[in-house]
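Taking it in order: structure first as structure tokens, then the write-up.
The values are calculated or read from the model by the stated rules, or taken from the named source; none is laboratory data. Predicted model, so just to flag it, every value in this text is computed and none were measured. Ideal geometry is used to build each Cβ from the backbone, glycine not excepted, and the neighbour counts take in all protein chains shown. Surface areas here come from the heavy atoms of the whole protein model, side chains and all, with no ligands, DNA or RNA. Shrake-Rupley method; radii C 1.70, N 1.55, O 1.52, S 1.80 Å.
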Amino acid sequence: MTTSEGTVQGRTQIHGTAPRNRAFTIVLLGDGFTAAQQTAFNTACTSFVTALTTTAPYDKIGRAINIWRVNVTSTDSGADDPAGTGGTGMTARTYFDATFGANGIRRLLVCNSLTVLQTAAAQVPEFTVAIVVVNSTVYGGSGGSVGTYSLAGGATEIAIHELGHTAYGLADEYAYYAGGNETGHDSHPAGEPAEPNVTRVTDRSSLKWGWAVAPTTALPTMSNPNCATVDSRPSTVPAGTVGCFEGAHYYHCRAYRPEYKCKMQELGVPFCQVCHQVILARTKAAKNICALTPGRDAVYRYDGSGSSWTRIGGPAGQIYAGAW
Ligand SMILES: [Zn+2]
């Protein structure tokens with residue numbers, strides 16, 4: 001159940017050619033893979049790279065991203081799956097101590113985050129985000145200080161959803177907590193959520209994604225007629241319409257998501273326009289870097305490919321950090 005239950009074998013870069021000091025860097029670490037199962041971990045990492053780089057908006061910004069895998073062995077295969085949360089009762093001695101059943105919910109898969117972050121930093125010091133690939137076919141994942149996902153069906157979709165939490169601070173947009181019409185989740189409590197993709201505000205001028213809402217779109221766009229349950233009616237507006245759709249952030253009512261569907265709400269669908277933009281902005285911030293010549297006579301921009309720098313202006317006295 002500790003780092004005595006395995007060894008760190010080393011790191012391998014599996015995607016990207018961005019400069020290591022400027023890249024958006026994802027590190028995948030394995031848990032519950034025995035020494036004999038490392039090929040399965042490598043295969044899972046390859047599947048993640050393929051899925052990520054073919055999912056919008058990552059399909060446009062893949063050159064800004066480096067991805068590494070860190071091979072870690074565990075004594076046992078799998079993860080803990082406590083019987084008290086509907087699991088098999090299995091326990092597994094693994095390096096990062098992955099377990100299902102966090103917060104009383106079987107699908108919430110967590111591990112020793114501190115050990116993960118320390119291992120990632122030791123192997124790939126410039127890492128942006130660490131994701132643990134857990135060798136179990138039980139459905140699960142989570143997106144805290146580190147992301148986790150298991151190898152259930154649709155694993156890479158879970159991984160990209162959890163990456164949305166861990167790397168970009170995106171909220172869950174679904175309208176329930178434990179998976180259904182549970183009590184205590186009828187109405188979102190007071191207080192505006194901090195995340196960029198859920199809100200309690202439906203006023204056009206102060207809505208945080210107001211920039212994405214067409215003047216002709218009604219706000220709220222869809223309201224839940226029965227707060228005792230999740231609104232499962234079909235959308236009343238065309239797909240891709242950005243507005244305020246009631247039911248989000250684990251509550252049936254009084255919280256809104258930007259589009260009817262989004263990968264932060266349901267797997268297998270694209271990110272909504274708001275999540276899309278957050279991912280683009282925060283990933284490209286690591287890519288589009290500018291430099292001032294020593295004589296301060298020109299400003300150049302690095303566009304994320306090879307040694308290609310483009311003069312964009314100058315002379316200038318000073319430049320500031322951040323996306324250009
Ligand atoms: Zn979204």
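Remarks
- For LYS60, the aspartates and glutamates whose Cα comes closer than 17 Å to its Cα, not counting residues fewer than 8 places off in the same chain, are ASP303.
- Mean-square fluctuations from a GNM of the chain, with a 10 angstrom spring cutoff on Cα atoms, peak among ALA23, ALA281, ALA64 at ALA281.
- GNM on the chain, alpha-carbon springs under 10 angstrom: the most fluctuating residue among ASN71, ASN21, ASN135 is ASN21.
- Cβ-Cβ distance of GLU192 and THR7, R₀ of 45 Å, FRET efficiency by 1/(1 + (r/R0)^6): the value works out to about 0.45.
- Nearest-10 value in Å² for the accessible area of TYR176, using the 1.4 Å probe: 70 Å²
- Pair-distance profile P(r), taking every C-alpha pair of segment 3-168, with 10 angstrom steps and integer %: 12, 44, 34, 9, 1
- Mean projection of the Cα convex hull over all viewing directions, computed for the chain: 18.8 nm².
- If you sort SER74, SER235 by accessible surface, 1.4 Å probe, largest first, the order is SER235, SER74.
- Partners for LYS208 among aspartates and glutamates (Cα-Cα distance below 18 Å; same-chain residues under 8 apart left out): ASP172, GLU173, GLU192, GLU195, GLU246, GLU259
- Report summary: the helix-based calculation at 222 nm, which adds -39500 (n - 2.57) for every DSSP H run with n ≥ 4 and divides by the residues of the chain, gives -5500 deg cm²/dmol.
- Solvent-accessible area of the chain (1.4 angstrom probe, protein heavy atoms only): carbon and sulfur portion equals 53 percent.
- Size of electric dipole in the chain: Cβ of Lys, Arg +1 and of Asp, Glu -1, about Cα centre, debye, nearest 20: 1120 debye
- Radius of gyration, Dmax [segment 172-267; alpha carbons; angstrom]: 12.2, 36
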